[in-house]
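One structure is given below, encoded as structure tokens.
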Amino acid sequence: MDTAFDHSQPEARQLPGSTVPEPAPKPVLVGLGIVKTYGTTVALGGANLAIRSGESVAVMGPSGSGKTTLLHCLSGILAPDSGEILLDDAVSRVRVDGLDVEQRAQLRRERFGFVFQQGLLLPELTALENAALPLMLAGVGRREAEQQARGWLARLGLAGADERRLGQMSGGQVQRVAIARSQVTGAGVTFADEPTGALDQRTSAEVLEALLASTVGRGHTLVMVTHDEKVAARCARTVRLEDGQVVWDSNPLRPVLDGVA
Ligand code: ADP
Ligand code: MG
């Protein structure tokens, strides 16, 4: 078993010889009472979740339990009907639920990385163009963007594949391009929705290790939806959703907004 990536973080610990407990680590992302409905379907019924900085969190639960909706609300893809979402990262504190469509789009571009099971990548573009796209959308010039993207592709074992179109690449290679693209802007929090769901076991394990190394391996945070227990076991923490609520948490952190307006 590879122990190079043990991302577990202890909860508040006692210093030797001290009676004062260390403060619990500061959450980078807090969702409090998130409600999201589609017509009469309650996708999230007041979900609570606080995520530590540098933590890898596996979000599990049955199909339809609200995993994707939770990810989309926390990351500003969707606006919740009610509830509060706070991002408190190295850049600033932001009430995500208070942002309009444009502001959420900007937040996603600048602060978050995304890896999905499939889609989002453009098959007619090369690996390099796909990986460079978020930087170009952020206004970085093509030369600079492609230089950064080239570095990420090489780091992910895709050196020499820069000019290949995604249609010519294997599922595992395509997901590595997706990881490169998610990291190229230096996002501190990465959201992944079943990133290995379409891959065979061995490729899944390789892509997962690449994703962990690229995110928590560099001190960043990973929030990943998965239905695969083996994938979840590689994360420091697992939470389970049922009927739009977090019903189980392997390492709970109380979701508080800490006086943020
Ligand atoms: P999971 O990712 O756990 O499978 P989802 O968050 O995708 O769950 O869905 C939660 C619930 O919301 C399900 O009942 C689903 O059918 C419903 N739902 C999700 N997205 C939509 C949508 N765009 N329109 C209508 N219902 C939706
Ligand atoms: Mg889903």
Selection within segment 219-254 - within 23 Å of residue 25 (Cα to Cα) and assigned to a helix (DSSP H, G or I): 232, 233
Checking residue 228 against (1) farther than 28 Å from residue 42 by Cα; (2) acidic (Asp, Glu); (3) free of Cβ contacts under 8 Å to residues at least 60 places away in the same chain, the condition it does not meet: (1)
Looking at segment 123-151, I want the residues that are in contact (Cβ under 8 Å) with a residue 24 or more places away in the chain and have a partner that is surrounded by fewer than 14 Cβ atoms within 10 Å (Cβ to Cβ) and in a helix (DSSP H, G or I) with Cβ atoms under 6 Å, at least 6 apart or on another chain. Which pairs are those? 123/167
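Please find, within segment 33-61, the residue that is surrounded by the fewest Cβ atoms within 10 Å (Cβ to Cβ) out of those that are outside any strand (DSSP E or B) and within 9 Å of ligand 1 (Cβ to nearest atom). Break it down stepwise before answering.
Looking only at segment 33-61, we keep the residues that are outside any strand (DSSP E or B), and these are 39-40, 53-55, 61.
Of the ones still in play, those that are also within 9 Å of ligand 1 (Cβ to nearest atom) are 39, 61.
Numbers: 39: 5, 61: 21.
The selected residue is 39.
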Pairs returned, first residue in segment 35-49 that is over 18 Å from residue 247 (Cβ atoms), second residue that is assigned to a strand (DSSP E or B) and modelled with pLDDT of 95 or more, beta-carbon separation under 7 angstrom, 6 or more apart or interchain, are 37/43
When you scan segment 62-144 for strands (runs of 3 or more DSSP E) that lie fully inside it, which ones turn up with 1 or more residues that are within 16 Å of ligand 1 (Cβ to nearest atom) and either out of contact with any Cys (no Cβ under 7 Å at 6 or more places or on another chain) or farther than 17 Å from residue 221 by Cβ (or both)? 82-88, 112-116
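Here is a yes/no grid of residues against (1) modelled with pLDDT under 95; (2) within 16 Å of ligand 1 (Cβ to nearest atom); (3) of a type in the set (S, T, N, Q):
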| residue | (1), (2), (3) |
| --- | --- |
| 153 | no, no, no |
| 159 | yes, no, no |
| 166 | yes, no, no |
| 169 | yes, no, no |
| 177 | no, no, no |
| 181 | no, no, no |
| 184 | no, no, no |
| 188 | no, no, no |
| 191 | no, yes, no |
Contact list please: Cβ distance under 9 Å, first residue in segment 65-92 and farther than 15 Å from residue 49 by Cβ and of a type in the set (S, T, N, Q), second residue in a strand (DSSP E or B) and away from ligand 1 (no atom under 15 Å from the Cβ), pairs at least six apart or on different chains. 82/33
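The values are calculated or read from the model by the stated rules, or taken from the named source; none is laboratory data. None of the values given here were measured: they were computed from a predicted structure. Backbone-built Cβ (ideal geometry, glycine too); neighbour counts: all protein chains shown.
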